[in-house]
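Comments concern the structure below.
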Amino acid sequence: MILEGKVAMITGGGKGIGRVISQRFARAGADLVLLARTEEALEEVADGARSLGRRALVFPGDASQEEVVENAVNQALKTLGHIDILVNNTGIEGPNSPIEGISRGDWDHTMAVNLTSAFLCCKKVIPFMRSQKQGSIINISSLAGTRGITNRSPYCASKWAMIGMSKAVAWEVGPDDIRVNVICPGAVEGERIDRVMHKRARDHGLTYGEMIAKTTSDTPLRRLVTPEEIAATALFLASDESSGITGEVMIVSGGRR
């Protein structure tokens, strides 16, 4: 088990990509620290990890709030003793609208959830990682962090900023053997992409199936990627198998650019 003895803190670990990453890490031997707003979903993931003999802590709350993150980190360190891996996965799709139709509130909320949460978790976890002279931070951005997408300006902005922050922090913490990398998923199977695709289909006068076909038409694999494929990439970056990799952006999109 390549993560045996490691403790992984994962935000948004109850649903979607975060849930699958959490489950994959637990199978690989990691204990879990789970932070998200949906307590019931987190408890389900934690129970699954405990059934494998792992320790799992659940912290229901908003990762964009500093006191919530600080409490989770402090309690995790007190109970488990260390945090070796941080996966900043919390995110929302944000508004789907031309920029003139986007409210300041929707802009600020998207930035808070998608970017500020990662900033806060890095801020609170990195001092401990520095003290132990090792760590792996994995920030979940998006293919939208590398290209513009119509009517998704707040989401794109937050995901581009995630990449910039990650590259800067990689330089800051590299001397302490802490690695910071980014995964940019393309369109991933699941509830979130379904919501986005249904909205885009209506906007373009297409059926849902036609919208999926349009989205994947410029993908060499001609399909959406799966949460399991994102989790496999995260597992590699969390493990010592990627010990020489930092400051990198790994696009997992089926070849879409």
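Every read-out reported here was derived from the displayed coordinates using simple, explicitly stated rules and does not represent laboratory data. All values reported here derive from a predicted model rather than from experimental measurement. Counting neighbours? That spans all protein chains shown, and the Cβs are built from the backbone with ideal geometry, glycine included.
Some values worked out for this structure:
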item: Stokes-Einstein D for the chain, Kirkwood Rh over Cα pairs, 25 °C, 0.890 mPa s (µm²/s); result: 133 µm²/s
item: Within segment 128-214, trypsin sites (Lys or Arg not before Pro) in DSSP loop having at most 11 other beta-carbon neighbours inside 10 Å; result: LYS133
item: Helix axis angle, 153-173 relative to the chain longest principal axis, alpha carbon, degrees; result: 30 degrees
item: Gained length - ASP203 relative to ILE2, 0.36 nm times residue gap less alpha-carbon distance; result: 67.8 nm
item: Separation of the LYS123 and ARG147 label points, Cα + 7 Å toward Cβ, nm; result: 3.4 nm
item: Pair ASP62, ASP240: separation of 7 Å Cα→Cβ label points (nm); result: 4.1 nm
item: Segment 132-198 shape via C-alpha gyration tensor axes, a/c threshold 1.5; result: prolate
item: Relative contact order of the chain, pairs being alpha-carbon contacts under 8 Å that are 6 or more residues apart, as %; result: 19 percent
item: Spatially proximal aspartates and glutamates relative to LYS6 (Cα-Cα < 19 Å; intrachain offsets below 8 disregarded); result: ASP31, ASP47, ASP84, ASP176, ASP177, ASP240, GLU241
item: Radius of gyration and Dmax over the Cα atoms of segment 42-132, both given in Å; result: 15.9, 51
item: Separation between Cα centres of segment 196-236 and segment 118-170, rounded to whole Å; result: 23 Å
item: Spread of Cα-to-Cα distances over 10 Å intervals beginning at zero, given as percent, for segment 139-257; result: 13, 40, 31, 12, 3, 0
item: Too-long pairs where the Cα-Cα distance tops 29 Å, listed order kept, from LYS123/LYS199; LYS124/LYS159; LYS123/LYS159; result: LYS123/LYS199
item: Helix-only [θ]222 nm of the chain, DSSP H runs n ≥ 4, -39500 (n - 2.57) each, per residue, nearest 500; result: -15000 deg cm²/dmol
item: Contour minus Cα-Cα distance for GLU100 and ARG223 (0.36 nm per residue); result: 41.0 nm
item: Additional length obtainable on full extension of the chain from GLN75 to LYS133, 0.36 nm per residue less Cα span; result: 18.8 nm
item: Of PRO60, PRO175, PRO154, the one that fluctuates the most in a GNM where the chain has Cα springs shorter than 10 Å; result: PRO175
